[in-house]
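Below is one structure, written out as structure tokens; comments come after it.
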There are 2 protein chains.
Amino acid sequence: MTNKEWSKQEKEIARKAFNVAYDREQQAILDDICKRTSEANDFAELWRLQEYLTEKRIEINEKYDYRYSVLDFVFARLICEGWLQEEDLEGLDDEKLDEIRRISLLLECG
Amino acid sequence: MTNKEWSKQEKEIARKAFNVAYDREQQAILDDICKRTSEANDFAELWRLQEYLTEKRIEINEKYDYRYSVLDFVFARLICEGWLQEEDLEGLDDEKLDEIRRISLLLECG
């Protein structure tokens, strides 16, 4: 990871991008859960939904970690998973963008 | 609790009543979860739903216990909670019905 400082302007860009990705994924999960719930016909299906929700909760809590020391990994993952586009990070310095792109290409997102 | 045997006919009545209550509660919970999901607007509300589902799963697994040794308690609770009516148990002998009614009145159902 890069050890570079984040300028005030970069911090604003980062926070905005972070929130955009969070809102996008939040809405997608809400829609998905709503659809899955409406399709559940018995307790067995409902408990599968409960397990799915439990996993999602753990995943989301782990993923959205706003510490500058790990933010390049976070953004790389969000790009890899499709919740962010590189354009959302425009304004970060080139070294950070290269690092994020590099990590993103290393990740395997399902 | 009573130690009385369950006749073949009583077992059939008991199984049918048990299944009726299970199906009623299952449908009510499915409808409730569907409504709650459609009203969730963010992760915080979704995680409350996840906690609620987890509690319901534990409650349902504990409640629907088809062992003859505890069946009077199970039926008393189901009556107390409104998932069964006494008419659903018609055909059980009077001693069992009295015991179920007695326990049901002792329970406090929310």
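A few remarks follow.
- Count of segment B:80-110 residues which are part of a helix (DSSP H, G or I), open to solvent by 50 Å² or more (accessible area, probe 1.4 Å) and not charged (D, E, K, R): 2
- Residue count for segment A:53-62 under the criterion of being more than 9 Å from chain B (Cβ to nearest Cβ) and surrounded by 12 or more Cβ atoms within 10 Å (Cβ to Cβ): the result is 1.
- Number of the condition not met by B:T37 [criteria: (1) without any contact (Cβ under 8 Å) to a residue 12 or more places away in the chain; (2) within 13 Å of chain A (Cβ to nearest Cβ); (3) not basic (K, R)]: (1)
- Every test in (1) more than 14 Å from chain A (Cβ to nearest Cβ); (2) touching a residue at least 60 places away in the same chain (Cβ under 8 Å); (3) surrounded by 12 or more Cβ atoms within 10 Å (Cβ to Cβ) is passed by B:A21 save one, and that test is (1).
- No other residue among A:R15, A:R48 is among the charged types (D, E, K, R), under 30 Å from B:D31 (Cβ atoms) and more than 10 Å from chain B (Cβ to nearest Cβ) apart from A:R48.
- Single residue of B:D42, B:D65 found to be within 9 Å of chain A (Cβ to nearest Cβ) and modelled with pLDDT of 95 or more: B:D42
- Within segment A:33-48, the residues that satisfy the criterion of being open to solvent by 40 Å² or more (accessible area, probe 1.4 Å) and in a loop (DSSP other than H, G, I, E, B) are A:N41, A:D42.
- Top-ranked residue in segment B:1-32 [being among the aliphatic types (A, V, I, L, M) and under 17 Å from B:K63 (Cβ atoms); ranked as farthest from the chain's Cα centre (by Cα)]: B:M1
The values are calculated or read from the model by the stated rules, or taken from the named source; none is laboratory data. None of the values given here were measured: they were computed from a predicted structure. As a convention, Cβ positions derive from the backbone with ideal geometry for all residues, glycine included, and neighbour counts pool all protein chains shown. What goes into the accessible areas is simple: the full protein's heavy atoms, side chains included, and nothing from ligands, DNA or RNA. Shrake-Rupley method; radii C 1.70, N 1.55, O 1.52, S 1.80 Å.
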